[in-house]
1. Output the residues belonging to the stretch 1-36 that are closer than 13 Å to Ser190 by Cβ, outside any helix (DSSP H, G or I) and not aliphatic (A, V, I, L, M).
2. Go through the stretch 245-266 and count every residue that is under 17 Å from Ile279 (Cα atoms) and crowded, with 16+ Cβ neighbours inside 10 Å.
3. What number of residues in the stretch 31-78 are among the β-branched types (Val, Ile, Thr), surrounded by 14 or more Cβ atoms within 10 Å (Cβ to Cβ), over 19 Å from Val166 (Cβ atoms) and out of contact with any Asp or Glu (no Cβ under 7 Å at 6 or more places or on another chain)?
4. Being surrounded by 17 or more Cβ atoms within 10 Å (Cβ to Cβ), acidic (Asp, Glu), touching a residue at least 12 places away in the same chain (Cβ under 8 Å) and under 26 Å from Asp178 (Cα atoms) is the requirement here; does Asp306 meet it?
5. Can Asn81 be described as closer than 22 Å to Asn162 by Cβ, at pLDDT below 95 and of a type outside the set (Lys, Arg)?
6. Of all the residues that make up the stretch 281-300, how many are at pLDDT 95 or above and exposed (fewer than 15 other Cβ atoms within 10 Å of the Cβ)?
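The values are calculated or read from the model by the stated rules, or taken from the named source; none is laboratory data. Predicted, not measured: the structure shown is a model, and the values here were computed from it. Neighbour counts run over all protein chains shown; Cβ positions are idealised from the backbone, glycine included.
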Amino acid sequence: MNKKIVVFGGGTGQSCLLSGLKKFPFDISAVVSVADDGKSTGMLRHDFNIPGVGDVRRVIVALSDTDSVVERLVNYRFDGNNSFSGHAMGNIILAALCNINDGSLSKGVKSISSLLKIKGSVLPFTDDYAVLTAVMEDGSVVEGESYITKCDKKIKSISYKNKPRVNNDVISAIKKCDAIVLSMGSLFTSLVCNLICDEVINAIDESKCKIIYVCNMMSQPGETDDYSVSDHVNLINSYLGRRKIDLVICNNGDIDEELIVKYATEEQKDPVVIDKDNIECDLIENDYVSICNNYIRHNSVKVAYDIYGYLIDVLK
């Protein structure tokens, strides 16, 4: 029987991870943050008063089993100087489906998921117009996910401007799953933002599922400056309830020195150090480095293989 997993996240990290997980015998429920308010997603949010659709689009494509033409169509982004400039076709389709379904992005996602032959289910975290706010270490408050990520100050904590209603399907999936997988990606604005609602934490506390975290390979300015693996784990645990992370998966592979310098100088990012002595949960280390268009990415198949092996072992 396939293992039921719920994968929390948003952005590039979650879609990358899901592209590997779908190759293994999992029943996948991907819970996607919808607080993104930048670029095409931000324009559509503003014009139609809908949740962010960009990360949802990425996850749908990652889990789809269609030919490359359809994938290219959904990801196609208009350029030039016109009213469509900057918009991804999939974002426009999702905005239309949201409006057709009386503002329910969840119902719209179900419609397109069947068309694109999704493996598993894609669950927007909420159908509400969710707005993230962050308190920075100097006490200032920044509103809006895109403004938070662009801010040159360090994040102290995040919350929602107005408490969103978590989709019932998200809570149901948590209660039925064998494992929760917390995806790599922006720690506060893609991951923790899914853990700051009581309904989610209560459902996790009531479950018997394993909690797995795939740690970032590189730090992120303002979110995880100078963070080690244990710092990532401890911060996530501080947002969880009684249940804490059971397993952290992290990279021990070598990254090309030129890339390290490039990331440090252009993006102020550095490799995340594995501090074994400070990690109090199970730990899996492996060489997960994959370079795509000169960007550092996780080898999603190797990560998924290690997650599957761990669950087979502990869920006997």
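1. Phe8, Gly9, Gly10, Ser33, Asp36
2. Matching residues across the stretch 245-266 total 7.
3. So the count comes out to 5.
4. Yes.
5. In short, no.
6. Matching residues across the stretch 281-300 total 2.
Okay, residues lined up against (1) in contact with a Phe, Trp or Tyr (Cβ under 8 Å, 6 or more places away or on another chain); (2) under 30 Å from Cys209 (Cα atoms):
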site	(1), (2)
Lys4	yes, yes
Phe8	no, yes
Phe24	yes, yes
Ser33	yes, yes
Phe48	no, no
Arg58	no, yes
Asp65	no, yes
Asn75	no, no
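Condition check ((1) outside any strand (DSSP E or B); (2) more than 18 Å from Val181 (Cβ to Cβ)) across all residues:
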| residue | (1), (2) |
| --- | --- |
| Ile211 | no, no |
| Pro221 | yes, yes |
| Asp226 | yes, yes |
| Gly241 | yes, no |
| Leu283 | no, no |
| Lys316 | yes, yes |
